[in-house]
Amino acid sequence: MVERINEGLTNPADIEYVSKNCLEKDLLIMKSVKGITGDGGIFAPVSIWSRKRKVIIPAFSPKILNSFMDIFSRRCADLVDKLKDLSGTGTFDISPIINNFTLASIAETSLGIRNLGGMNDVVVSDFLESVEKVFKLASNRTFSIIRKKRNELKHVDLDAYENQTVFGQDDKVDSFLDHLILLSQRQNGFTDTELREEITTFILAATDTTAIAICNTLLLLGKYPKIQEKVHEELVRVFENANEKLFKDILNDLKYLDMVLKESLRLYPPVPMITRKVTEEIKLPSSGYTIPVQTGLVISIWGAHRDPNYWGPDADCFKPERFKAGSKTGLFIPFSTGPRNCIGYQYAMLTAKSVIASVLHQFKVVAEEEDGPIPKIECKFSLMLKAKHGYPIKLELR
C-alpha cells in the first residue's frame, strides 16, 4: 500500500487524540537519523519503545537531574569566561559556542567523562553533520566506556541504590549511563548495543535542540531590550538574595525567565513538527474526518503554537507574560505530548535556563532591535528549525 501524508494537524483536540492513540512513528523524515541511533527510544517502533521507556523514565527523575546541577553550574561558569573574550569585539554568531557547550555538557552528564574524543572542539557550520561524524568515530570508544561502567557497577547494592533519596557529586553513580545500567538490571537489562542506542539518541536529540532554544532566546532578548532588562532585574534580585542557595534553587526562583524561555519555544520550537503513523482507522475529533490505516500524519507544533483561535490575535507576538501563572494559553507542546513525549524535557529546560541566566547575569545582549511586537527571524528547516542567517549578537559586560 502506498503511504499517504495528510496535512499537518494544528487543532489541539486532534493533536492530543493522535498523540495518545497513534504511537507508531512515521520515519519518512527521520530515516537518516535512525541510521545513527538505531532503535533508540525516540525512533524505535512501539514494540521496542514501550519496554525501553519503562526503564528510562526513572533515569530522568528529579533527584537524578538535581545531581547534575554542579556540572551545569561549572560548565556555565566556563562558558561565561569564554564569552568575556568576545564581549566588546563586535557582532559574532553565538551558535557554534552554544553548540559546543551543550554537546560537552550532555557528553559529561550522559557518559560521566569531561571530554569525549575532542567533542569540545567541534565547530562547523552544519552541526548535525558534525555530530554524525563524531558518533561514527566514537562508536568503538563508547562501547569501551559501557563495558568499563558495567565492571565498575558490578558491586553496587541495587536495593540501596533504588532507595537512595539524593544523588550527589561524590556518588559512584554519576551519569545517565550509570543509572541506565543499574535501572535495567531488574528488567531484562539493556544490552551494550541498546545502551549505546539510548545514549547516542539522547546526545543527538538534546544537543542541537537545546542549543537552538538557547540561541533563539538570546537573540529575541537582544531584539527586545526592555524584556531583557526585566529578566536582568530578576536575575540581580534572585542572585543577590541567593545566600547559600544551590544553583537549582536559584533557577526555580527565576519565574520571568521561565516565561521568556517558554515564549521563545512557542514561537520558535526547535522541532517544528512530529510524525505519527495510523495503524488502526481513526476519526479526528474536530471534524469527524476518517483517517485510513497506513496514513502518515504530521503534527504541526509550529502551527499549533501560532493558532490565533487558541492563542489570541497576538499569537505571532513575542509576549512572555502570556505564560504568567494562572493565564490561559493554547496547546504548548515544544517537547511533543502524549505517551511518546520527549522524556528529557526537564533536562533541556534546566540546561537552557542555566545558560541564559549565566549569560544575562554577566552580559547585555545586543541585536538588531525589532520595530514591533512580531519578531522577524527568517528560519530554515533542516531536521531542526533554525535561524536562516545564524544568531548574530553583540555582548557588553555589565
Exercise. Once fully extended, how much extra length lies between E240 and K324, figured as 0.36 nm per residue of separation less the alpha-carbon to alpha-carbon distance?
Worked result: 27.9 nm
Seminar exercise, completed: Loop-resident chymotrypsin sites (Phe, Trp or Tyr not before Pro) in the range 202-311 with no more than 13 other Cβ atoms inside 10 Å, DSSP not H/G/I/E/B, are Y289
Problem set entry | Across K52/K277; K52/K154; K223/K380; K54/K328; K25/K255, pairs whose alpha-carbon gap is larger than 25 Å | K54/K328; K25/K255
Problem set entry | Computed lengthening from K82 to D316, 0.36 nm per intervening residue step minus Cα-Cα distance | 80.8 nm
Exercise. How long is the gain from E368 to A160 if the chain were fully straight, where each residue apart is worth 0.36 nm and the alpha carbon distance is subtracted?
Worked result: 69.4 nm
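How much space per residue, in cubic angstrom, does the convex hull of the C-alpha atoms of the range 236-391 take up?
Considering the Cα atoms of the range 236-391, their hull volume per residue is 152 Å³.
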Exercise. Where does the range 209-311 land on Rg(C-alpha)/(2.2 N^0.38 Å)?
Worked result: 1.54
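Quick note: the coordinates plus some simple rules give every number you see, no bench work behind them. Only a predicted model underlies this, so the values are computations on that prediction, with no experimental measurement involved. We place every Cβ from the backbone using ideal geometry, glycine too, and count neighbours over all the protein chains shown.
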